[in-house]
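In what follows, a structure is listed as structure tokens, so that the remarks can point back to it.
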Amino acid sequence: MSTSQNRQVTNQPLETRLSPSLWRNRDYLLLWSGEIISTTGSQVSQLAFPLLILALTHSAAQAGFAGALRTIPYLILSLPAGALADRWNRKLVMIICDLARFLCLASIPLAILLGHLTVIQLYVVSLLEGTFFVLFDLAEVSCLPQVVSKEQIATATAQNIATYNIASLIGSPLCGLLYSIGRFFPFLADAISYLCSVISLFFIKRSLQTERTQKKRPLLADIKEGLQWLWGHPLFRFLALILCGINLLSAGLPLLIIVIGQRLHTSSVNLGLVLSAAGIGGILGSLTVPWLRRRFSFFTLAVGALWMQALLLPLLILAPNMVMVSVIITTIFFFAPIFDITQRSQRISAIPDALQGRVNSIYRLIAFSGQPIGLALAGLLIQDAGTTPTIIVCTAIFIVVSTSVTINPHIRQASA
């Protein structure tokens with residue numbers, strides 16, 4: 001090795017030289033493998049809940065109510081859950097939450113076998129499962145910087161999002177297969193997936209948080225500290241609002257595709273294939289981010305990914321058939337995770353470990369608040385105006401969002 005090469009290696013940060021590859025990082029692989037299994041199980045049971053409730057009650061409203069009960073805890077509990085995730089032992093929190101979710105989901109097949117299953121039990125399980133998910137999710141995202149180096153956060157984040165997309169892709173057909181064998185099998189599979197996650201967490205050796213030295217104080221004071229950190233960082237404050245706008249737009253996209261498919265007289269099977277292709281696009285986009293991050297700046301990736309989506313969306317108006325619709329949607333879904341992973345890894349790298357839970361909970365609360373509003377508005381707009389005006393409105397909003405990101409000085413100044 002030449003002298004210049006030696007100097008180059010020596011000048012690298014010690015953390016970079018000592019950090020093993022993600023595929024050789026035992027603790028990360030344990031955390032990631034547990035997430036793969038439990039996320040797939042969650043996707044299976046999420047579809048099984050409405051199927052089982054429809055079979056028991058023949059009421060779509062009651063099936064929708066059960067789904068809403070699972071999402072309500074995230075809106076109500078995010079802020080205190082983020083503060084508690086910073087106070088408590090994150091590994092222990094995740095283990096307890098997954099054990100609780102195991103017991104909740106296991107109660108359903110047990111009740112089916114005993115012949116005592118009720119809709120009330122399904123509602124309670126849905127609510128409890130959503131509650132424990134909030135705590136688990138915030139603890140898990142907060143501990144990522146403790147199991148990988150700072151330079152590996154973007155790659156690890158990309159793999160985590162790709163994992164979610166893969167789980168979404170295979171969860172629905174797996175649920176259909178298991179449900180056809182027996183109604184209790186999807187819930188049993190999900191319960192087992194949580195148990196697998198607990199086992200993987202037990203074998204993680206390193207601490208999932210830095211040592212806490214400050215004295216305990218009121219929970220509201222902790223939440224306020226997280227709010228002050230986010231408010232004091234204009235880049236992340238702006239990105240949270242941008243994500244809220246993006247989620248407001250993207251929430252109604254599947255509904256828009258379904259209505260376009262019906263207008264083009266597409267079968268439900270082909271609609272499923274189109275949405276599956278979109279999921280594959282998301283997976284491929286996620287997997288390209290580590291390669292892109294090594295070659296392009298944060299500004300270039302963020303702006304490029306948003307403008308590509310804004311320019312592709314109006315092409316749906318001109319699509320003559322579902323093949324072209326599928327190509328357009330798959331390409332849009334390819335670019336979507338590029339922006340998501342880029343901003344998420346930037347944020348996780350910047351937040352101090354003691355504030356990870358609080359800041360992420362506030363950030364996600366702002367970002368995800370657009371989803372239910374977007375879904376309702378999309379439904380009303382499609383019903384009253386049709387698909388073409390809806391696409392035009394969504395495109396106009398997306399152009400405003402993309403322009404805002406392009407001209408924002410904090411995005412331009414963000415480190416590569």
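Summary of computed values
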item	result
Top-ranked residue in region 233-261 [being of a type outside the set (A, V, I, L, M, F, W, C) and farther than 21 Å from THR406 by Cα; ranked as most open to solvent (accessible area, probe 1.4 Å)]	PRO254
Unmet criterion (only one of (1) at pLDDT below 80; (2) touching a helix residue (DSSP H, G or I) at 6+ places or on another chain (Cβ under 9 Å)) for LYS215	(2)
Residues being outside any helix (DSSP H, G or I) and acidic (Asp, Glu) - total across region 60-91	0
The listed residue being in contact with a Lys or Arg (Cβ under 9 Å, 6 or more places away or on another chain) and buried (at least 18 other Cβ atoms within 10 Å of the Cβ), out of LEU301, LEU306, LEU312	LEU301
Failed item, numbered, when TYR194 is tested on (1) hydroxyl-bearing (Ser, Thr, Tyr); (2) over 30 Å from SER126 (Cβ atoms); (3) part of a helix (DSSP H, G or I)	(2)
GLY245 vs. criteria at pLDDT below 90 and touching a Phe, Trp or Tyr at 6+ places or on another chain (Cβ under 9 Å)	yes
Residues (part of a helix (DSSP H, G or I) and buried (at least 19 other Cβ atoms within 10 Å of the Cβ)) located in region 148-158	GLN152, ILE153, ALA154, THR155, ALA156, THR157, ALA158
Test set (1) of a type in the set (Gly, Ala, Ser); (2) open to solvent by 60 Å² or more (accessible area, probe 1.4 Å); (3) closer than 22 Å to ARG90 by Cα - SER180 fails condition number	(3)
Subset tally (residues that are within 22 Å of ILE53 (Cα to Cα) and either of a type in the set (S, T, N, Q) or at pLDDT 85 or above (or both)) for region 144-173	2
Total residues in region 320-350, condition part of a loop (DSSP other than H, G, I, E, B) and open to solvent by less than 10 Å² (accessible area, probe 1.4 Å)	0
All positions within region 268-293 that are at pLDDT below 85 and either more than 24 Å from ILE166 (Cα to Cα) or not hydroxyl-bearing (Ser, Thr, Tyr) (or both)	VAL269, ASN270, LEU271, GLY272, LEU273, VAL274, LEU275, ALA277, ALA278, GLY279
Test: residue in region 206-214 that is of a type in the set (A, V, I, L, M, F, W, C), out of contact with any Phe, Trp or Tyr (no Cβ under 9 Å at 6 or more places or on another chain) and open to solvent by less than 20 Å² (accessible area, probe 1.4 Å)	yes
Single unsatisfied condition, LEU135 versus (1) more than 20 Å from SER78 (Cβ to Cβ); (2) at pLDDT 85 or above; (3) open to solvent by 30 Å² or more (accessible area, probe 1.4 Å)	(1)
Selection within region 20-46 - more than 18 Å from PHE136 (Cα to Cα), surrounded by fewer than 19 Cβ atoms within 10 Å (Cβ to Cβ) and either among the hydroxyl-bearing types (Ser, Thr, Tyr) or touching a helix residue (DSSP H, G or I) at 6+ places or on another chain (Cβ under 6 Å) (or both)	SER21, LEU22
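The values are calculated or read from the model by the stated rules, or taken from the named source; none is laboratory data. Quick caveat: nothing in here was measured; it's all calculated off a predicted structure. Ideal geometry is used to build each Cβ from the backbone, glycine not excepted, and the neighbour counts take in all protein chains shown. When the accessible area is computed, the model is the full protein with side chains, heavy atoms only, and any ligands, DNA or RNA have been set aside. Shrake-Rupley method; radii C 1.70, N 1.55, O 1.52, S 1.80 Å.
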